[in-house]
Amino acid sequence: MKSHTSFRYKLGGLSQMVKTLYKLDLSKSMEEQAHPGHNRWHPDIPAAFSVDPGTSFRMECKDWTDGQIKNDDSPNDVRDVNLARVHVLSGPVYVNGVEPGDLLVVDILDIGTFQDSAWGFNGIFARENGGSFLVDEFPEAAKSIWDFEGIYTTSRHVPGVKFAGIIHPGLIGVAPSMELLQKWNEREKELIMTNPDRVPTLANAPTPERAVLGTLKGAEFDRVAKEGARTVPPRENGGNCDIKNLSKGTKIFFPVFVEGAKLSVGDLHFSQGDGEITFCGGIEMAGWIDLKVDVIKGGMETYKIYENPVFQPGPVDPNYNDFLVFQGISVDNKDGKQHYLDATLAFRRACLNAIEYLKTLGYTGEQAYMLLSTAPVESRINGIVDVPNACCTIAIPTKIFDKNIMPK
């Protein structure tokens with residue numbers, strides 16, 4: 001794979017060279033890289049490199065499955081994907097002088113695709129292997145491949161649509177302290193034990209299977225592999241938030257829990273709908289991201305940002321302003337049971353209503369489901385005070401279709 005090694009930005013009126021400080025070979029698995037990344041959260045995973053505050057740099061990223069999904073027409077690789085492998089992350093980055101209690105300031109300068117890997121994928125995970133938001137309606141695996149042409153994408157598996165992507169990292173975060181890591185593991189174990197046999201599982205417990213932990217070896221590797229938290233959910237450190245508006249121009253303020261912050265990034269998406277509802281949910285891709293890091297000393301206390309990052313979105317967004325909006329309320333579609341202000345159920349109903357409508361346009365349920373997860377749809381909690389029904393909506397841009405989709 002060919003890639004440039006340095007790029008120039010103007011930052012604060014000054015021109016600054018951005019070097020690629022984390023390079024990857026897409027033909028190799030993450031543990032085979034010159035400096036392996038990681039797929040667990042743990043404070044003892046060694047940093048891949050260090051930088052001073054104010055530094056800008058480029059990091060290359062593999063797709064979140066470490067290359068398990070192929071550019072073909074079979075969903076079997078999605079069906080059989082080894083989820084103990086995900087997410088493979090680039091990093092960690094140690095920021096010199098940063099201490100617990102500070103805020104790490106991260107600017108996303110730019111994000112892009114590799115010219116020789118200009119495609120991505122979306123998938124519906126099978127119930128027995130991860131599942132998805134609408135797993136009861138869509139229990140079987142499915143896959144769609146998306147080809148990139150500049151800012152636009154199309155798919156041979158979801159015909160009749162073309163839309164502009166908003167490229168973003170699905171996962172970006174800092175390392176937890178040991179105390180915070182133990183809190184995560186304890187509370188998630190407690191949740192799992194409420195229904196330990198549930199399929200799909202309620203949460204993902206630590207497991208050494210397919211762990212990648214940077215340069216750790218031997219007994220230290222074994223210990224960290226058993227303790228390290230899975231990267232699947234968002235947590236206080238950021239993590240797998242899947243916020244599509246964390247795109248170029250975004251500024252993120254991370255609470256810092258360990259010396260150096262240990263910033264990591266991965267799970268790049270070419271595009272995504274709010275909710276990422278198929279779980280393998282955006283258009284997953286390999287690519288690169290340019291970051292600038294800085295620090296606000298003592299910022300956690302000064303700005304009361306103790307848990308969970310705060311971000312200022314950048315100005316980049318696909319310019320769609322004509323939508324067809326579907327709403328849902330917190331009444332179960334299966335048994336008609338009334339629930340009290342259940343926003344998750346209301347959003348579920350909105351998604352199902354949108355899928356039923358898209359089926360009238362000739363799409364299969366699976367195609368419609370994957371479209372909602374990949375296109376830049378807008379989701380909202382519109383009302384969460386009018387008892388007993390929460391109201392949520394999902395808005396589909398009408399101009400992404402090659403025909404008029406409005407009711408006639």
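Observations
- Residue in segment 286-294 that is touching a residue at least 60 places away in the same chain (Cβ under 8 Å), within 24 Å of Val161 (Cα to Cα) and assigned by TED's automatic domain parsing to the domain that holds Lys244 present: yes
- The set of residues from segment 209-224 being within 22 Å of the chain's Cα centre (by Cα) and either small (Gly, Ala, Ser) or in a loop (DSSP other than H, G, I, E, B) (or both) comprises Glu209, Arg210, Ala211, Val212, Gly214.
- Scanning segment 98-112 for residues that are buried (at least 18 other Cβ atoms within 10 Å of the Cβ) and outside any strand (DSSP E or B) gives Val98, Asp102.
- Just one of the listed residues (Arg187, Arg198) is charged (D, E, K, R), assigned to a loop (DSSP other than H, G, I, E, B), without any contact (Cβ under 8 Å) to a residue 60 or more places away in the chain and closer than 25 Å to Glu276 by Cα, namely Arg198.
- Flag not set for Asp44, criterion: in a loop (DSSP other than H, G, I, E, B), at pLDDT 95 or above and over 20 Å from Gly173 (Cβ atoms).
- Residue check, Lys334 within 27 Å of Glu140 (Cα to Cα), charged (D, E, K, R) and modelled with pLDDT of 95 or more: no
- Residue match in segment 135-146 (condition: assigned to a loop (DSSP other than H, G, I, E, B) and of a type in the set (S, T, N, Q)): no
- Candidate set: segment 268-289, residues that are part of a strand (DSSP E or B), touching a helix residue (DSSP H, G or I) at 6+ places or on another chain (Cβ under 7 Å) and small (Gly, Ala, Ser); chosen: the one farthest from Lys19 (Cα to Cα): Gly281
- Pair list, Cβ under 6 Å, 6 or more apart: segment 49-66 residue more than 29 Å from Arg210 (Cβ to Cβ), other residue in a loop (DSSP other than H, G, I, E, B): Asp52/Asn96
- Wholly within segment 290-384, strands (runs of 3 or more DSSP E) carrying at least 2 residues that are more than 20 Å from the chain's Cα centre (by Cα) and surrounded by fewer than 18 Cβ atoms within 10 Å (Cβ to Cβ): 323-329, 378-383
- Filter result (within 16 Å of Val256 (Cα to Cα) and of a type in the set (S, T, N, Q)) within segment 286-312: Thr302, Asn308
- Selection within segment 238-256 - over 11 Å from the mean Cα position of the chain (by Cα) and either crowded, with 23+ Cβ neighbours inside 10 Å or among the β-branched types (Val, Ile, Thr) (or both): Thr250, Ile252, Phe254, Pro255, Val256
The values are calculated or read from the model by the stated rules, or taken from the named source; none is laboratory data. Bear in mind that the values here come from a model prediction, so they are computed numbers and not experimental data. In this analysis, Cβ positions are derived from the backbone assuming ideal geometry, glycine residues included, and neighbour counts consider all displayed protein chains.
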